[in-house]
1. Once all Cα-Cα distances of the stretch B:379-470 are split into 10 Å bins that start at 0, what whole-number percent is in each one?
2. Starting from the Cα gyration tensor of chain B, multiply each eigenvalue by 5, take the square root, and state the resulting semi-axes largest first in whole Å.
3. With r as the distance between the Cβ atoms of residue B:152 and residue C:28 and R0 = 51 Å, compute the FRET efficiency 1/(1 + (r/R0)^6) and round to 0.05.
4. What's log10 of I(q)/I(0) for the stretch B:185-279 at q = 0.22 Å⁻¹, Debye sum over Cα points only, no solvent?
5. Among A:124, A:101, A:42, which residue has its Cα furthest toward the positive end of the charge dipole of the stretch A:18-215, with +1 on Lys/Arg Cβ and -1 on Asp/Glu Cβ?
6. Work out which helices of chain B, taken as complete DSSP H runs, extend at least 30 Å along their axis over the Cα atoms and score a mean Kyte-Doolittle of 1.6 or more, then list them.
7. Given q = 0.13, 0.16 Å⁻¹, what are the Debye log10 I(q)/I(0) values for the stretch B:35-156, with equal point scatterers placed on the Cα positions and solvent ignored?
8. Residue A:54: net charge of surrounding residues, Cβ under 13 Å, Lys/Arg +1, Asp/Glu -1, itself excluded?
Amino acid sequence: MSTVNKPRSEGGHAFHFDNAEHEFETSKFGIWLFLCTEVLMFGGLFVAYFLFEHKFPETFIEGATYLDWKFGAVNTAVLLLSSFTMVLSIYYAQNNKTKQCVNMLFITLGCGFIFMGIKYLEYMHKIELGLLPGEMFSFTGEVGASNLGLYFSTYYMMTGLHGSHVLVGMGLIVWCIVRARRGEYNSKYFTTLECVGLFWHLVDLIWIYLFPLLYLVD
Amino acid sequence: MSSAADRSKNYLNEESGLWSWLTTLDHKRIGIMYMITVMFFFLIGGVFALLIRAELFSVGPTVVEGAAQYNQLMTFHGAIMVFMVIIPGIPAFLGNFFLPLQIGAKDVAFPKVNLMSWYCLIIGAAISFYSLFFNGADTGWTFYTPYSIETDNGTILLVLGAFVMGFSSILTGVNFVATTHRLRAPGMGFFQMPLFVWGLYSTAILQVVATPVLGITLLLLAAEKTMGIGFFDPALGGDPVLFQHFFWFYSHPAVYIMILPAMGIISELITTFSRKVIFGYKAIAFSSVGIAAVSFFVWGHHMFVSGQSQLAGVIFSFLTMLVGVPTAIKTFNWVATMYKGSIQFQSPMLYAMGFLFLFTIGGVTGVMLAVMAVDVHFHDTYFVVAHFHYVMVGGTLMAIMGGIYYWFPKMFGKMYNEFMAQLSFLFIFVGFNVTFFPQFILGAQGMPRRYFDYLPAFEPLNRVSTVGSWLIGIGFLIGLYVIVSGMLKGKKAPDNPWGAKTLEWQTSSPPPHTNFHEQPVVTGGPYEYR
Amino acid sequence: MSGHHIIPFSVYRNVLLALLALTILTVAVAKPVSGFDAGVFNFLIAMGIASVKAGLVMAFFMQLKYDNKLYLAIIVSTVLFLALLFGIVMIDWASRAPVMSTL
């Protein structure tokens, strides 16, 4: 019972677990289950994408021409880098290097800001042109397909849901930074970093698929 | 740490005050909070049901002014019962309380997440009821497009409320899967777990896998209502039936979320009150997981006449009949358990036997509906209404009541009034059949469901049905009295009044905060009566 | 924490470099960018490269390679369920009577 009342950073754990390792592995299992639910939720959108893309291939090809692949590629690289720095923050925590751990978390957060910044620019550009979802589509230029609104609905729903998860992830990273600066993470305990990290990697994974599907379709 | 003095402290009296309950991390307290919440919502949903039946007592307007008001009543009756009562009802209440106890654990894997799931239910329910200030919703709890898009009232709030309540279900599911995998006592492998745990585990898998799809479906519906995204709008190339595909991909597994824990309870009740080891433990365990898996393949049987293709319909019809097989296996095994057992007819067992009778009728009529040629006539008639009330009320609700009385002494350390409990059962069982059996006939004669009014020829059976609903109401009011008076002034209960063998009975009634006075070690199966 | 496998920094670095290289490849074989046209295979190649990237992130950054195989099974079954939803709706759409929409 002596390990129960110790702080986590000294190897303590909640009363209903046998030891700290037991608690860590269970927390990881729980997060993987939660990630499963996220994959299913986004998966519904991916299913809708594939269904409509199959039914209206011309609409999707034409819609993609309004997306700038360079922005998408930069965002992909930014998120991949952020996954790298996220995993490094855990690496440094495991090696008891708090300062580097915090620095990595800050860089990860920064990548999140860059990603959202680029998304903001992309959205503003489209909104100005009237490239809006569904019924709100009001683009005045020449169009080939008659239901481009459907393409942009798909685009906004998928990137919007993804973007909201990036924001949530960034919030979680801020919380991790606060705790890391307090010295709560070390080789004995880094569970929160591990769990937030797994969530962040999922956000990266979804974008890895979104990028070719939305930007590179032809 | 297990001196006699400690045994006076239990999870109920260890801390006091409302705040200690609202911030508790103890799975037993959270289970009790869910119990009170679910019973409260059941009361409201039940009142709506009585109003519906009162309206249908006579042709023409009876207690409501017209179709608009009636449609709101039936929508809320459905939404409340589905999202606030039957889905959380067993897992979040009895499951939360007894899953850790039955596997010899000290709590669920994630106690804070557990508390969060309760708040999700409360907040989601509050948002749902808030929609009533905007004329509620009149789409039916299934929100079919295009009407749900066009209707101009509080529908979007009900949709959002359901979304938040979905999180409650997901969090419970994540917790239970992790708990079952990681917190079993030494010696308890998967095949030494009680069947209630198998039921909860299969349900939890469904909660984790199916609910997120409902989440995205509701989000898409909300987006279509507010921004006109067009996924379900043919004018933009969308498909209204796509909503139904997405919706039922969750909602069919959802009905197994409703019944699997109930079946788990029935396994416990039948074996305890027959004082005999359960027949075919592994078959029942595998059937639970099997039902959960196959439940994902059958959603289109809700859509035979919606415009989906005939080929898709045939595929779904065939797969639906498959899901009846594991269910039948369980039913046969329960009856085989009773055979040559030493049957005790206390109220939990009465409810278990009531379940066997009513659920069988419900299940068999489900197989009837699976036959596409039959469903073409019965779809959207009272036949379907009768079918699902037989499985959900005759099935799940019977099991909840049986479970409440079975585990009452463990949860509260007191006994309830057995005679009044049996009286309650009588009113509910008789009243239920009087209410719903005529509805099979009405449906076969062609009376449509969800309609505010009906042809005069249907009136006599509708009157019978309404009288039945009053009997059910009386039965549940008596039940409420039994539970509350038992909690307040019941006789002190022993640790194991039924002589049952599962782990929760090896600790005191009520259990202490950490569940067991000593770490249990399991050396045999859960039902070794002889 | 005993039993904890610390992955070396070099592994992480190499995975990142591989991921960035694959991203460049993704772009290089995309028709709107380079004109690379392999018909229907464009889509399959793009999804294939994305899956390799996803696999690297899952195996090394999310440490699936070193973890309980149960987690991998969970993710794989998730994708299978989604494939089921997609597959049956496709069957439905493909086998409906001719008039479905005015588009």
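Every number here is computed from the coordinates shown, using simple stated rules; none is lab data. Just so it is clear, the model here is predicted, and its values are computed rather than measured. Using ideal geometry, Cβ is built from the backbone for each residue, glycine included, and neighbour counts are taken over all protein chains shown.
1. Histogramming the stretch B:379-470 at 10 Å steps yields 16, 39, 24, 14, 7, 0 percent.
2. 37, 25, 24
3. Working: r = 51 Å, r/R0 = 1.00.
So the FRET efficiency works out to roughly 0.50.
4. -1.04
5. Of the options given, the answer is A:101.
6. Answer set is B:347-370.
7. Summing over Cα pairs of the stretch B:35-156 leads to -0.62, -0.83.
8. Details: positive: A:55; negative: A:53, A:58, B:239, C:92.
Here the count lands on -3.
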